[in-house]
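*Asks:* Before anything else, here's the structure in question.
No value in this document is a laboratory result; all are computed from the given coordinates. This one's a predicted model, so the numbers in the text were calculated from it and none came from an experiment. FYI the Cβ positions are ideal-geometry reconstructions off the backbone, even for glycines, and counts take in every protein chain you see.
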């Protein structure tokens, strides 16, 4: 059995009752009509809340102790900066002079409700469109750095989660040696590829969306709308592009060509960063297992992720990491001009 999580808050949202939630929203000056619906979110708690005006807003309650107040405000400032540049980013509402509010120990922000559907990533026109908009976001993101948010790297997303999983005995004893050796091996390969990329001319970092997967892009007839900058941080531009790639190498090569063609209409792209795609994919896999382990004492996680922390999960995870080790030995994708 895993060791007990030493975090001081193991059920961080236990006090967030419907009454507390509605009272928190009303401290911003809005008037609720009593209706609310939980939206899909695990790291934070997010609700659609209806107002007496008949409109609705989205209320996001930040996970306690995850980000500092300064880091959250920096996220908000970035979103507002992008919105002011007429980019389709859903930014927090400025209410009573602030975008960040506090009630009953919870930090919260309100945003407009934005509808939409998942983009069609198999469509090249869609990929070019996404590439253009991310390039415009990066053009703004490159103007200055974050002061209170980290830079993506193999420590936070690789070594820290692996050590947490091992130190808290999440891996079954008969798989522990296999997990440890495999995870440490792929992390060494990640470091090697990362350092090769850096030594080969280097790559810049800028303010990123940070978690630009399909669930954080809402598509309408007007194009994409980017939501949830909760994982915004510094890093290479390719971090906001690689999650749209899927299929075999040939398919990914075609998808990449469309993305980069759109991207380069508004911002330069350094081809050296393509060597970071598989390292970033590997780090995401390792971090995901560590994230589930770190949150396992939050009651929402065993209920929502029943597959985690089973013998089959760790067997499959080890196999996936071994496959990534092979992928890290393959040459990176190329920019087709």
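*Asks:* What tally of residues in the range 143-166 results from selecting those that are assigned to a helix (DSSP H, G or I) and either farther than 25 Å from residue 281 by Cβ or touching a helix residue (DSSP H, G or I) at 6+ places or on another chain (Cβ under 9 Å) (or both)?
*Replies:* The qualifying residues number 12.
*Asks:* Can you pull out every residue in the range 38-57 that is more than 19 Å from residue 301 (Cα to Cα), surrounded by fewer than 15 Cβ atoms within 10 Å (Cβ to Cβ), in contact with a strand residue (DSSP E or B) (Cβ under 7 Å, 6 or more places away or on another chain) and free of Cβ contacts under 8 Å to residues at least 24 places away in the same chain?
*Replies:* Answer for the range 38-57, where residues must be more than 19 Å from residue 301 (Cα to Cα), surrounded by fewer than 15 Cβ atoms within 10 Å (Cβ to Cβ), in contact with a strand residue (DSSP E or B) (Cβ under 7 Å, 6 or more places away or on another chain) and free of Cβ contacts under 8 Å to residues at least 24 places away in the same chain: just 52.
*Asks:* Taking the range 279-337, which residues are surrounded by 17 or more Cβ atoms within 10 Å (Cβ to Cβ), free of Cβ contacts under 8 Å to residues at least 24 places away in the same chain and in a helix (DSSP H, G or I)?
*Replies:* Passing the criteria: 292, 313.
*Asks:* Being touching a residue at least 12 places away in the same chain (Cβ under 8 Å) and over 20 Å from residue 115 (Cα atoms) is the filter; apply it to the range 72-93 and report the residue that is surrounded by the fewest Cβ atoms within 10 Å (Cβ to Cβ).
*Replies:* Result: 85.
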